[in-house]
Amino acid sequence: MSHDYIAILDFGGQYAHLIAKRIRHLGIYTRIFSPMASAAELTAAKGVILSGGPQSVFGEQAVPFNDEILQLDKPILGLCYGHQLLAQRLGGTVRNMGRGEYGKTTLRLDEGPASPLLAGVDGEQSVWMSHGDTVVAPPPEFLTLAHTALCPVAVMQHASRPLFGLQFHPEVTDTPCGRQVLANFARLTGAAGGWSMAQYMREAIEDCRAQVGARSVLMFLSGGVDSTVAFALLVRALGQARVRGLLIDTGFLRKHEAAEIMARYAQLGWHNVDLHDASEVFLQSVQGLVEPQAKRQAIGETFLRVRDDFLARMALDPAQWLLGQGTLYPDIIESGGTAHADVIKFHHNRVQGIAEMIAAGLVVEPLKELYKDEVRALGAELGLPEDIVWRHPFPGPGLAINVLCSAGEAPPAAAAGEPALDEVLAGTGYAGRRLAVRSVGVQGDQRTYTTPAAIVGPRDWAALEATSIRLTNEIRSLNRVVTLLAPQALPTLRPRRAYCTKDRLDLLREADAVATRTLRAHGLMRIIFQLLVILLPLSANGDGECLVLRPVVSEDVMTAQFARIDWSILNPLADELLRLPGIHAVFYDVTHKPPATFGWE
């Protein structure tokens with residue numbers, strides 16, 4: 001099918017395909033290209049967007065780029081890395097200022113001529129940043145249109161050509177004016193609309209039929225929205241006789257989850273789903289493991305072994321049964337699955353064994369270009385009930401990656417030459433210390449793995465947010481901040497030797513059930529995008545644990561803000577969790593994404 005389209009050059013940024021999604025939501029088709037695409041390849045594009053990326057524009061770090069693209073006679077918009085690339089290639093100045101901007105910041109428009117890119121945008125805006133390098137001077141013939149406290153050239157525009165650069169990310173929902181900015185750019189390209197989710201569904205069904213041919217599909221199911229929507233699409237495309245679902249009880253599921261999922265699928269009339277208890281095998285696969293990547297790899301490879309055992313037991317020919325997965329685009333990009341993208345964390349559906357099957361054409365992933373909100377829209381288009389479409393996301397590795405593990409040794413606390421935690425906290429009203437565990441973050445589109453900070457002070461969401469942003473911007477080795485909920489004073493906590501065992505999983509299962517029950521009781525399940533409860537191997541007596549509540553508000557997983565639950569709900573919840581056996585402290589994660597990821601592993 002022929003569409004007008006806007007081309008997006010993918011420099012490996014976490015949000016490259018998110019840009020594509022935002023343009024699609026405007027009804028305009030998009031296509032992704034390499035930064036080394038020839039000018040001829042982009043001739044039919046109505047406009048070009050240069051994405052962000054984890055690299056620097058300097059020297060060997062720079063992503064190879066075809067400079068001829070900048071001479072095309074069509075609108076070009078650079079975002080984050082693309083903004084810096086425009087400045088650097090056209091004669092501006094880009095520097096590393098020794099500090100970055102991660103998450104929410106304030107954009108202020110400069111006085112000067114009106115820009116068509118910023119039409120309808122007020123003079124002061126909250127925007128989302130994620131950068132280390134900074135444009136400090138625009139190229140010749142470019143006008144500076146806006147700045148932030150740390151970025152003197154946050155928006156720029158050529159005086160006569162339709163060339164624009166934005167340091168902030170208009171594609172994320174956390175930039176409220178972003179949709180207007182992208183709509184303004186799309187209008188400048190003159191691209192015609194016509195893209196819709198109904199159209200995507202029709203094309204995806206045809207694509208599935210073409211890929212599968214005369215074969216069948218065995219689909220891993222988790223009960224979550226992604227795998228369920230993918231399964232529904234495959235059933236619509238191929239019929240129940242050629243699609244089988246396999247729900248594996250890994251031992252990492254939530255309380256009573258397997259039985260609830262099977263009952264719901266039966267209500268949908270899906271009698272082609274099998275339940276297989278492989279909890280002992282999965283527990284053995286993570287025995288003694290500490291590093292998050294190692295746990296994810298082990299779980300992913302175990303899924304494949306269980307699949308092969310199931311095929312053999314059912315006498316199904318592996319050559320005739322492709323593997324179906326509910327993989328979304330964020331899984332691919334966070335696993336470093338595109339050129340120039342940094343690995344944030346390996347997802348279980350991107351381990352080596354599955355990568356080899358993908359290369360051989362043996363994996364069907366009908367949702368791999370979509371984001372969570374688009375999957376929900378597709379689920380509604382397929383006629384799935386609301387309780388499935390709006391179910392909270394649950395990671396494939398399940399509670400295993402919410403149980404942090406430790407060999408009992410404290411990780412390094414900070415990088416040399418950084419300001420001390422107390423120094424940055426001075427005057428904020430908060431005291432704090434580093435926790436002796438590590439968590440995963442994403443800063444400047446790169447993976448970080450550092451110790452978080454725990455702060456104690458006023459229970460005021462605005463003050464907690466400002467302090468969290470200040471800490472993670474000024475201390476480069478810090479990617480996450482939590483605040484103490486219970487007890488009243490922060491106990492002395494030390495790391496203890498602890499692994500992913502059934503006893504720890506059962507404790508977390510109970511804590512997760514308590515927290516989820518509280519959200520349901522107060523009507524918060526649709527407001528909160530995802531609730532994660534994290535178990536930390538930190539103890540006041542060498543034998544206990546700590547809990548972290550991590551509820552977030554998001555649309556598509558790529559960015560998020562920590563949820564601001566009313567203290568009248570949180571305080572009793574924290575007290576109830578503190579009464580669970582062996583729990584010494586309960587924390588609340590007050591970090592946006594970026595600089596932190598949703599989960600801690």
Legend entry - Every residue from the stretch 408-432 that is of a type in the set (A, V, I, L, M, F, W, C) and loosely packed, with under 13 Cβ neighbours inside 10 Å: Ala415, Ala416, Ala420, Ala426
Legend entry - Given (1) at positive phi; (2) over 28 Å from the mean Cα position of the chain (by Cα), index of the condition Arg161 fails: (1)
Inset, instruction - Residues being of a type in the set (Val, Ile, Thr) and at pLDDT 95 or above: count how many of those fall in the stretch 230-249. - result: 2
Inset, instruction - With respect to Ile344, determine if the residue is at pLDDT below 50 and under 26 Å from Thr448 (Cβ atoms). - result: yes
Inset, instruction - Please work out which residue is modelled with the lowest pLDDT, limiting yourself to the stretch 347-367 and to residues that are aliphatic (A, V, I, L, M) and not in a helix (DSSP H, G or I). - result: Val351
Inset, instruction - Go through the residues of the stretch 456-470 one by one and say whether even a single one is at positive phi, in contact with a His (Cβ under 9 Å, 6 or more places away or on another chain) and surrounded by 16 or more Cβ atoms within 10 Å (Cβ to Cβ). - result: no
Inset, instruction - Could you list, in sequence order, all residues of the stretch 480-509 that are of a type outside the set (S, T, N, Q) and part of a loop (DSSP other than H, G, I, E, B)? - result: Arg480, Pro487, Ala489, Leu490, Pro491, Leu493, Arg496, Tyr499, Cys500
Legend entry - In the stretch 185-219, residue nearest to Val48 (Cα to Cα) [restricted to those that are free of Cβ contacts under 8 Å to residues at least 12 places away in the same chain and among the aliphatic types (A, V, I, L, M)]: Ala210
Inset, instruction - Sort through Asp512, Asp575 and tell me the only one that's assigned to a helix (DSSP H, G or I), surrounded by fewer than 19 Cβ atoms within 10 Å (Cβ to Cβ) and either among the aliphatic types (A, V, I, L, M) or touching a residue at least 12 places away in the same chain (Cβ under 8 Å) (or both). - result: Asp575
Legend entry - In the stretch 552-561, residue nearest to the chain's Cα centre (by Cα) [restricted to those that are surrounded by fewer than 24 Cβ atoms within 10 Å (Cβ to Cβ) and either in a loop (DSSP other than H, G, I, E, B) or not β-branched (Val, Ile, Thr) (or both)]: Val557
Legend entry - Residue list for the stretch 236-260, restricted to those being touching a helix residue (DSSP H, G or I) at 6+ places or on another chain (Cβ under 9 Å) and among the hydrophobic types (A, V, I, L, M, F, W, C): Ala237, Leu238, Val243, Leu246, Leu247, Ile248, Phe252, Leu253
Legend entry - Test: Ala204 is over 30 Å from Leu268 (Cα atoms) and of a type outside the set (Asp, Glu): no
Inset, instruction - Answer yes if at least one residue in the stretch 461-484 is farther than 30 Å from Ala149 by Cβ and hydrophobic (A, V, I, L, M, F, W, C), and no otherwise. - result: no
Legend entry - Top-ranked residue in the stretch 91-121 [being aliphatic (A, V, I, L, M) and surrounded by fewer than 18 Cβ atoms within 10 Å (Cβ to Cβ); ranked as farthest from Thr175 (Cα to Cα)]: Met97
Legend entry - Residues satisfying the stated conditions in the stretch 52-89, i.e. under 13 Å from Leu163 (Cα atoms), surrounded by fewer than 19 Cβ atoms within 10 Å (Cβ to Cβ) and hydrophobic (A, V, I, L, M, F, W, C): Leu70, Leu72
Inset, instruction - Could you tell me which residue of the stretch 202-216 is farthest from Tyr29 (Cα to Cα), considering only residues that are surrounded by 18 or more Cβ atoms within 10 Å (Cβ to Cβ) and hydrophobic (A, V, I, L, M, F, W, C)? - result: Val212
Inset, instruction - Could you please let me know if Ala453 is under 27 Å from the mean Cα position of the chain (by Cα) and of a type in the set (A, V, I, L, M, F, W, C)? - result: yes
Legend entry - Members of the stretch 88-111 found to be among the hydrophobic types (A, V, I, L, M, F, W, C) and closer than 26 Å to Gly190 by Cβ, listed by number: Leu90, Leu109
Inset, instruction - Check Gly223 against each of (1) buried (at least 16 other Cβ atoms within 10 Å of the Cβ); (2) more than 29 Å from the chain's Cα centre (by Cα) and name the one condition it does not meet. - result: (2)
Inset, instruction - Look at Leu532 and say whether it is at pLDDT 95 or above and either under 28 Å from Leu421 (Cβ atoms) or small (Gly, Ala, Ser) (or both). - result: yes
Inset, instruction - Select the helices (runs of 4 or more DSSP H) contained entirely in the stretch 270-334, then report the ones holding at least 1 residues which are at pLDDT below 90, more than 25 Å from Val229 (Cβ to Cβ) and out of contact with any Asp or Glu (no Cβ under 6 Å at 6 or more places or on another chain). - result: 292-313
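The values are calculated or read from the model by the stated rules, or taken from the named source; none is laboratory data. Remember, it's a predicted structure, so these values are computed and weren't measured experimentally. As a convention, Cβ positions derive from the backbone with ideal geometry for all residues, glycine included, and neighbour counts pool all protein chains shown.
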